[in-house]
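Remarks on the structure that follows.
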Amino acid sequence: MAETAAECAFLDVPYNLAQAELSTRGKVRHPDFVFASGEMSQKEYVAFLSAALGNVARVSAPGAVHFACIDWRHVQDLLQAASSVYGAYLNLVVWNKTNAGQGGLYRNQHELIGVFRVGEARHRDNVQMGRYGRNRSNVWTYPGANGFGAERLAHLAAHPTVKPLQLVADALKDVTRSGAVVLDTFVGSGTTILAGEQVGRRVRAVEIEPRYAQVAIRRWERMTGRTAVCEETGASLDDWLHGPTRRADQNSRDACALLSSSESSGPAASLASEKTPSAASPPRRRVRTRVL
Ligand SMILES: C[S@@+](CC[C@H](N)C(=O)[O-])C[C@H]1O[C@@H](n2cnc3c(N)ncnc32)[C@H](O)[C@@H]1O
């Protein structure tokens, strides 16, 4: 990344669980993630997490804060992996969902978010114990996927593990400046991209599955009313999927997409509904996408 180092990362890693263990019951069924969907041993999963977190730490500024989501079963794996990567373990946040999902003896109503600092430099703290009116504890209460209200079905159809937009937006506001670069190398349906757009941060994101990269691009386009274009070719997603720019070797290159909202000019008007604004002919240059 030949530019400003990242001030923050929001990493919603796959939990090494099959979809049957992840999804809320219902009509929408998703295939397993291609990586870390239960096929890894504990040792392999810890190695995967160490490599993934280490890669992001390498392109982060000293003092950058990384949020890494995990479930209760794998929290030890995350902490083990993180211990070889980070300078400090800052906290363990409990995402307290307003509704419970599936479970065994106890239904699952929380997920965990490890908060880590890259290196030894001081991290940014915009909370400062509420001194400026930003009161935050390490229990974050936001609806889970089955409590997303009117958008619930759309979210469940788009991706099996969509995080609440406001949860990510608030996390970014806690530890970054306006305009900061934020990373998410497991972006799924693009929640971190949208959160960055909402709070005026520049998100660089990676998603391995083309179907979810497309969901992320479409969500961003609906939110902003603009058209995402490929950095290399200038092609939109529609050009890419249906137009003459589609290349013979595209199928193999479809494997991974790097999504970057580098030209963000500030917070978008509204994320609450993610509806298409009525702008007549929206500018095309906004999120740049590069297929790797
Ligand atoms: C837990 S989901 C992220 C969901 C996201 N926070 C959202 O709100 O939609 C993890 C994502 O990481 C992707 N993934 C898994 N392994 C990957 C890898 N090695 N590189 C990039 N993405 C990967 C999966 O396809 C999945 O979409």
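Within the set of pairs 6 or more residues apart or between chains, which connect a residue that is under 11 Å from Trp95 (Cβ atoms) and more than 8 Å from the ligand (Cβ to nearest atom) inside segment 156-167 to a residue that is among the small types (Gly, Ala, Ser) and part of a loop (DSSP other than H, G, I, E, B) with Cβ atoms less than 7 Å apart?
none
Of the numbered conditions (1) surrounded by fewer than 16 Cβ atoms within 10 Å (Cβ to Cβ); (2) hydrophobic (A, V, I, L, M, F, W, C); (3) within 14 Å of the ligand (Cβ to nearest atom); (4) more than 18 Å from the chain's Cα centre (by Cα), Trp72 fails exactly one; give the number of that condition.
So Trp72 meets the others, but not (3).
Can Leu172 be described as more than 21 Å from Phe33 (Cα to Cα), within 14 Å of the ligand (Cβ to nearest atom) and either in a helix (DSSP H, G or I) or not acidic (Asp, Glu) (or both)?
Yes: the conditions hold for Leu172.
Please tell me if Glu120 is of a type in the set (Asp, Glu) and away from the ligand (no atom under 16 Å from the Cβ).
Yes; evaluated as a whole, the condition is true for this residue.
Looking at Val215, Val187, Val206, which is the one that is β-branched (Val, Ile, Thr), within 13 Å of the ligand (Cβ to nearest atom) and buried (at least 24 other Cβ atoms within 10 Å of the Cβ)?
Going through Val215, Val187, Val206 in turn, the sole match is Val187.
For Tyr45, state whether it is within 22 Å of Asn108 (Cβ to Cβ) and within 11 Å of the ligand (Cβ to nearest atom).
no
Here is a yes/no grid of residues against (1) of a type in the set (S, T, N, Q); (2) farther than 21 Å from Asn108 by Cβ; (3) modelled with pLDDT under 95:
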position	(1), (2), (3)
Asn138	yes, no, no
Gly144	no, no, yes
Ala154	no, yes, yes
Gly179	no, yes, no
Ile193	no, yes, no
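Would you pick out the residues in segment 14-37 that are over 19 Å from Phe48 (Cα atoms) and at pLDDT 85 or above?
His30, Pro31
Pull out all pairs, ordered by first then second residue, where Cβ-Cβ is under 8 Å, the residues are six or more apart or on different chains, the first lies in segment 175-200 and is in contact (Cβ under 8 Å) with a residue 40 or more places away in the chain and within 15 Å of Ala228 (Cβ to Cβ), and the second is more than 13 Å from the ligand (Cβ to nearest atom) and of a type in the set (D, E, K, R).
Partner pairs satisfying both residue conditions: Gly196/Arg202.
The values are calculated or read from the model by the stated rules, or taken from the named source; none is laboratory data. Keep in mind that what you see is a predicted model, and the values were worked out from it rather than measured. Virtual Cβ from ideal backbone geometry, glycine too; neighbours counted across all protein chains shown.
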